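Visitor: Before anything else, here's the structure in question.
Just so you know, all these numbers are worked out from the coordinates, no wet-lab data involved. The model shown is predicted, which means the values in this text are computed figures rather than measured ones. Cβ: placed from backbone, ideal geometry, glycine included. Neighbour counts: every protein chain shown.
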Amino acid sequence: MNRDAKTQSALIALARSRRMQRALAHAFLHRNSPLPTLRTSLGFMTTTSCVSETTEGAAIAHRMQLLGVSYAEGVAYVVEELGGDETPVVYRLWLRGPRAGYLVPIHAWYEQSENTAQIRARIANLALEPLARSTSEAWMLSTRIVQRRALRVAGPGACSDLPIRKFALQLVVEPVSGMGPSGKTTVTAFLRPQAQLVDVWSIPDTDMAIARISYTGIPSGVGLDKDAVVLLTSGLHHE
């Protein structure tokens, strides 16, 4: 007589009976509730990409642009355009030191300036060294889902009461040849864990480069794009 097999069968039967009891209790508690419709079914929530009724997706996507490098400061300047007449956000991407690879907004600009025109005037007055684009085909982007969560979007829209998917998405950029600088960062993506390597700039006289990656980072409309800028060096860095 195989006691292990008998014990395993008994445990499986017990688990099935417990699941059946929970299912019956749940059905009894919700016996007067309406049947779920297509819009609240699991299939709708995992396949749909619409989370609000706005159709002006292209107007509010966030795009990043590399302005140039200040070798004296050891930083690259990056501007994030928020679409429309919104004030752009200007960042310093540190190229060396303990903050190398970190993208830091220039808070002082916004404490001293009050309107979009003043910020754009400051951008125009920057004395920076331009960078030439590298061949993006020489680099590869790999992604990994670090964490999965759900998020409810507040608002008056028809989909505001439905949860949407939220991901902690790790982005890794490496040279195809296996020789050269690489880098990685983790971003918050919504709806779908997809990303695309858009641009790579090489920094002259260094072994560094800067990559721009686009992903679904804004949970409105059909899911709007947002950019991430990653410093590529001989060692991997987190943003």
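Visitor: Contour minus end-to-end for L14 and T188, with contour as 0.36 nm per residue of separation and end-to-end as the Cα-Cα distance?
Guide: Net length gain for the segment: 58.5 nm.
Visitor: Most exposed first by the Cβ proxy, i.e. fewest other Cβ within 10 Å, how do M140, M64 rank?
Guide: Fewest-to-most Cβ neighbours within 10 Å comes out as M140, M64.
Visitor: Right, here's the next one. When E73, E137 are ordered from fewest to most other Cβ atoms inside 10 Å of their Cβ, what list results?
Guide: Exposure proxy ranking, most exposed first: E137, E73.
Visitor: Lysines near K226 by alpha-carbon distance under 27 Å, same-chain residues fewer than 8 away left out - which ones?
Guide: K166, K184
Visitor: What's the exposure ranking of T135, T87, going from fewest to most Cβ atoms within 10 Å?
Guide: So the residues, fewest neighbours to most, are T135, T87.
Visitor: Would you kindly state how much longer the chain becomes between T7 and E111 on full extension, computed as 0.36 nm times their sequence separation minus their alpha carbon distance, in nm to one decimal?
Guide: Separation in residues times 0.36 nm, less the Cα-Cα distance, equals 30.5 nm.
Visitor: Separate question: Could you please report the charge total around R92, scoring K, R as +1 and D, E as -1 over all other residues with beta-carbon less than 11 angstrom from its beta-carbon?
Guide: Result for the local shell: 0.
Visitor: Could you compute the FRET efficiency for R120 and Y71, with r as their C-beta to C-beta distance and R0 at 25 Å, rounded to 0.05?
Guide: After rounding, the FRET efficiency stands at 0.55.
Visitor: Would you please give the FRET efficiency between F28 and A150, computed as 1/(1 + (r/R0)^6) with r the Cβ-Cβ distance and R0 = 35 Å, to the nearest 0.05?
Guide: 0.85
Visitor: If you don't mind, another one. Compute the Cα gyration tensor for the stretch 165-205, then decide on rounded, prolate or oblate, letting a ≥ b ≥ c be the square roots of its eigenvalues: rounded whenever a/c is under 1.5, prolate when a/b is larger than b/c in the other cases, and oblate in all that remain.
Guide: Since a/c reaches 1.5 and a/b is larger than b/c, the shape of the stretch 165-205 is classed as prolate.
Visitor: Could you run the Karplus curve 6.51 cos²θ - 1.76 cosθ + 1.60 with θ = phi - 60° over the stretch 118-132 and give me ³J(HN,Hα) per residue in whole Hz, x for Gly and Pro?
Guide: 3J(HN,Hα) across the stretch 118-132, in whole Hz: 5, 5, 5, 5, 5, 4, 5, 8, 5, 9, 10, 8, x, 10, 8.
Visitor: I would also like to ask the following. Given a Förster radius of 41 Å and the C-beta distance between D205 and D85 as r, what FRET efficiency does 1/(1 + (r/R0)^6) yield to the nearest 0.05?
Guide: With R0 = 41 Å, the Cβ-Cβ based efficiency is 0.60.
Visitor: For the stretch 71-85, take each phi angle, set θ = phi - 60°, evaluate the Karplus expression 6.51 cos²θ - 1.76 cosθ + 1.60, and give the result in whole Hz per residue in order, putting x for glycine and proline.
Guide: 5, 5, 7, x, 9, 10, 9, 10, 10, 10, 8, 9, x, x, 9
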